[in-house]
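First the structure, in the form of structure tokens, and then the observations on it.
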Amino acid sequence: MELRSVHDLPIIPIAYVQHKNPMWKRSSINKYTIAGRAEIHKNLKGINIDNLLYLMRNLISDRNIEYNDNRIALYAGQMGKCAITGRKLELSEIHCHHKKPRSLGGDDSYSNLKIIHIEVHKLIHATTKETIEKLLERLKLTDYQIGRINQMRKFCKLNPII
Ligand SMILES: [Zn+2]
């Protein structure tokens, strides 16, 4: 398991806060940093720490370590925001989507996953006109965001919504 805590202080893989650093390699030896809360707050400025800790302590049991690790890394990497709408996500809204679905051979790699809003996720996979209209009404997306949803749908071999 890659997510642990020592004396109740979470150990956060450096990748979670530095994933954009091109020098970082997943196999690097200095993968972890043991940080006190003050240090975490400094490093993860703008991210909801309670949500992050909740995700770390509540792994998805029927998914593997890679999936769970990347789900948390992406939540931090995306600063707790939906990849499509840019909105800050409440804990109950956090969903993790496979760009290339597992049913089509997609894997659990960091680059194949995105953290998105639960209803955006439903919209990406929606197939009935009724559901699509209901979600569009609720989400009030821009044309650009709908375009991105349609890109995601294409990866899933689904027709564009508009
Ligand atoms: Zn999905």
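Any read-out appearing in this document is the output of simple, stated calculations on the displayed coordinates, not a laboratory observation. None of these values were measured; they are calculated from a predicted model. All Cβ positions, even for glycine, are placed from backbone atoms using ideal geometry, and neighbour counts span all protein chains on display.
In terms of modelled amide H atoms, which long-range or inter-chain residues lie less than 5 Å from the amide H of L113?
For L113, the qualifying residues are K99.
Past the 32 Å Cα-Cα mark, which pairs from K81/K157; K114/K140; K45/K129?
Over 32 Å Cα-Cα: K45/K129.
What is the gain in length, in nm to one decimal, between T128 and D107 on full extension, counting 0.36 nm per residue of separation less the C-alpha to C-alpha distance?
4.9 nm
Quick check: residue separation of L158 and Y54 times 0.36 nm, minus the Cα distance between them. What number comes out in nm?
34.2 nm
Roughly what would the spin-label model give for K140 and N64, points 7 Å off Cα along C-beta, in nm?
4.2
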